[in-house]
Amino acid sequence: MIDAAAQSRPDFVRRGKRLEYVTVAWNSLEALVSLVAGIVAGSVALVGFGCDSLIEVVSGAALLWRLHHDLDPSKRERVERITLRIVGWCFIVLALYIVYESGSTLIRHEAPGRSIPGIVIAVAAVIVMPILARAKRRVAAGLGSGAMHADSKQADFCAYLSAILLGGLLLHALFGWWWSDPVAGLVMVPIIAKEGVDGLRAKACCENCGSR
């Protein structure tokens, strides 16, 4: 194992960039599969998960921008706060969308189609996202970066959403519980809304903005 204390700041920046490139690529694929599968199956939870993946693409791109300006502390701080607020608004909009769509589905008793691609992408995300989150936390600690720490929390958040989504999809596929999909969507809402509010307050940045 590499000793974190022996690594230089440029080493952490390079690792961070590699992680964010992987994040952008993975979440782009995740969004594409989830949105297409969700639209075809009429799954609110899948569409919501796809939208969350797009938010993580935006966040990953912003983190790449922040890492490219790592040696300028004033730019670093500004990018962190701007990114947190933009993503915060995205989360709030996503939470409102899921409340509306899930509520409408439950009222109309609309059953989504079974989605094998949705189940596959949810299983993959449950495995991949915790690994990315742990790696990002190590880089965040090495750089003293609030923005990278917040991004690691988003990866954790994606893993939680994946598990919730997977549970809803499997219940529908195995037992025909059509209501499990919109309910799974509603379970996401408090988690999404909290992350949105924290982002708007730049809370994650303020908790971890020390410099190394």
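The values are calculated or read from the model by the stated rules, or taken from the named source; none is laboratory data. All figures in this text were calculated on a predicted structure; none of them were measured in a lab. Ideal geometry is used to build each Cβ from the backbone, glycine not excepted, and the neighbour counts take in all protein chains shown.
On the basis of being closer than 27 Å to residue 178 by Cβ and touching a Leu at 6+ places or on another chain (Cβ under 6 Å), does residue 88 make the cut? Taking the combined requirement at face value, the residue does not satisfy it. Residues that are closer than 14 Å to residue 119 by Cα, touching a residue at least 24 places away in the same chain (Cβ under 8 Å) and assigned to a helix (DSSP H, G or I) within the stretch 23-43 comprise 30, 31, 33, 34, 36, 37, 38, 40, 41, listed in sequence order.
Can you say whether residue 163 is in a helix (DSSP H, G or I) and within 15 Å of the chain's Cα centre (by Cα), as far as the supplied structure shows? Taking the combined requirement at face value, the residue satisfies it. All but one of (1) more than 18 Å from residue 200 (Cα to Cα); (2) in contact (Cβ under 8 Å) with a residue 40 or more places away in the chain; (3) buried (at least 20 other Cβ atoms within 10 Å of the Cβ) hold for residue 83, so report the exception by its number. The number of the failed condition is (1). Looking at the structure I just gave you, is residue 147 assigned to a loop (DSSP other than H, G, I, E, B), in contact with an Asp or Glu (Cβ under 9 Å, 6 or more places away or on another chain), modelled with pLDDT under 85 and among the hydrophobic types (A, V, I, L, M, F, W, C)? Taking the combined requirement at face value, the residue does not satisfy it. Restricting attention to the stretch 58-74 and to residues that are of a type in the set (A, V, I, L, M, F, W, C) and under 15 Å from residue 12 (Cβ atoms), the residue that is surrounded by the most Cβ atoms within 10 Å (Cβ to Cβ) turns out to be 63.
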